[in-house]
């Protein structure tokens, strides 16, 4: 009846295209709809990437889960670069570095505890914002004012949707993930 391999390849490509479209849609929502009155956008894509990294590291096959999370970081970062008119690759590099460092630091932790996603998003957002500042700012950065005006509000805004997004993502990916005890 034919070789099942092409069908598997087509299914894998369709799933990957679905991931790309979903992350582009989330990046579009982040850039256009989720701005706060002070001008900050709720970092939806970075929070989802960090939560996906935690769930991937806590899965039965952590290397496979981490690979998927890094693809989310790449796709979401490139979408943010295109939609936010930043240099191509800046958001992607910042998200990839944040995801890798969060994965390295949380490899031995039980990710289902509520404090772990909060700490991971705190650390990941700090890394993301610092790398993004280094890649997009041309002049020397006044770190004291940058910390108060940009870094601190961005981290606080990122912490607000962390737990609902983490538990929603864990529920949606529940069939794919088997958390280690």
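Ordering 10, 129 from the fewest to the most neighbouring beta carbons within 10 Å gives 10, 129. For the chain, the fraction of alpha-carbon pairs lying more than 23 Å apart is 41 percent, rounded to a whole number. A Gaussian network model of the chain, with springs between Cα atoms under 10 Å, assigns the largest mean-square fluctuation among 17, 26, 101 to 17.
Going by alpha carbons, how many degrees (0 to 90, nearest 10) lie between the helix axis of 5-32 and the longest principal axis of the chain? Approximately 20 degrees, to the nearest 10. Spin-label model, residue 141 to residue 172: label points 7 Å out along the Cα-to-beta-carbon direction sit 2.9 nm apart.
Compared with the dominant Cα axis of the chain, that is its longest principal axis, helix 44-57 is turned about 50°. Between 98, 90, 115, the residue with the greatest mean-square fluctuation in the GNM of the chain (Cα pairs under 10 Å linked by springs) is 115.
Between 0 and 90 degrees, the angle of helix 115-136 with respect to the longest Cα principal axis of the chain falls at about 60 degrees.
Which ordering of 155, 149 is given by a fewest-first count of other beta-carbon atoms within 10 Å? Could you put the intermediate results ahead of the total?
Values: 155 19, 149 12.
Fewest-to-most ranking of 155, 149: 149, 155.
Determine the shape class of the stretch 80-174: with a ≥ b ≥ c the square roots of the Cα gyration tensor eigenvalues, call it rounded for a/c under 1.5, and otherwise prolate if a/b is greater than b/c, oblate otherwise. Can you show the working numbers first?
Numbers: a/c = 2.00, a/b = 1.69, b/c = 1.18.
Prolate is the answer for the stretch 80-174, as a/c is 1.5 or above and a/b outweighs b/c.
As a proxy for reagent exposure, 144, 106 were ordered by neighbouring Cβ count within 10 angstrom, fewest first; the result is 144, 106. Given springs between every Cα pair under 10 Å in a Gaussian network model of the chain, which of 20, 141, 100 has the largest fluctuation? Comparing 20, 141, 100 in the GNM, the peak value goes to 141.
Read-outs: derived from the displayed coordinates by stated rules, not from any lab. Not measured: the values here are computed from a predicted model. Neighbour counts are summed over all protein chains in view; Cβ atoms, including those assigned to glycine, are modelled from backbone coordinates with ideal geometry.
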